[in-house]
Amino acid sequence: MNSSSFVSKNLAILVLGIGLSSVSLAQTKPAMVDPNKAPIAAAGIDEVYQLVDAVVTKVDSKTRTVTLKDKDGTVTNFVAGPEIKNFPQIKVGDRLTVTHELAVVIELAKVNNQGIRSEVQTTSQTSAPLGSKPASVISNTTTIIATVIGIDRQKMTISVKGPKGKPDTYRIKNAALLKDIAVNDEVKIVLYDAMAASFTAPTAATQKK
């Protein structure tokens, strides 16, 4: 699953998981940033991109409606369903952020699979405990058996031919993973990427503005 499909598939699910109606999200949502252009953090080879950044300007407890305003001034209304137990924790001034960590290779090892290629994906979701600010994370782990067709140790990338027969290039989290890996090797690759959404209380610095 590439990064764009992971985002489009899980953004609505993720925001629903922290308490906001997926119907409202589909109709109107805070402005999204092109994930190919706007990195907000980088730790080594990791890349994290901000998809949503908005502040709560109004909370209507009767209708369970949350009003959000992004940095561009766009105002959006979301409705929290009755199944959301952490709705009372959302307050005016809280910040809603949604981030996406791009897929990166976290495991890489040689295998003897006699040329048989495969791909298995596992997706999981976690939410904040009862009584906390709403938060949710969707993580995607993909295990691929493939043949190495190229290695760029300087850029820390590996290119492989997987079960679909097309070449794919992946970023490597740790250069040590490439040790002893060569072109034409059969390898097992484990990829990890994640999206996280959360409401956070304003900091003291933010409150002073």
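Which of rounded, prolate, oblate describes the stretch 102-162, given a ≥ b ≥ c as roots of the alpha-carbon gyration tensor eigenvalues and a/c under 1.5 marking rounded, otherwise prolate only if a/b is larger than b/c? Judged from the Cα gyration tensor, the stretch 102-162 comes out prolate (a/c at least 1.5, a/b above b/c). Relative to a virtual label point 7 Å from the Cα of I116 in the Cα→beta-carbon direction, which members of the stretch 152-176 show backbone nitrogen distances below 17 Å? Only 162-165 fall inside the zone, counting backbone N under 17 Å. Rg of the Cα atoms in the stretch 36-195, relative to 2.2 N^0.38 Å, amounts to 1.37. Taking all protein chains together and a 1.4 Å probe, the residues I149, I90, I116 rank I116, I149, I90 from largest to smallest accessible area. Only lysine pairs 8 or more places apart, or on different chains, with alpha-carbon atoms under 22 angstrom apart are counted in the stretch 121-196, and they number 11.
The three principal axes of the Cα atoms in the stretch 138-209 give end-to-end lengths of 59, 26, 17 Å, sorted in falling order.
The values are calculated or read from the model by the stated rules, or taken from the named source; none is laboratory data. In this text, all values refer to a predicted model and were calculated from it rather than measured experimentally. Backbone-built Cβ (ideal geometry, glycine too); neighbour counts: all protein chains shown. Areas reflect the complete protein model, heavy atoms only, side chains present, ligands, DNA and RNA absent. Shrake-Rupley method; radii C 1.70, N 1.55, O 1.52, S 1.80 Å.
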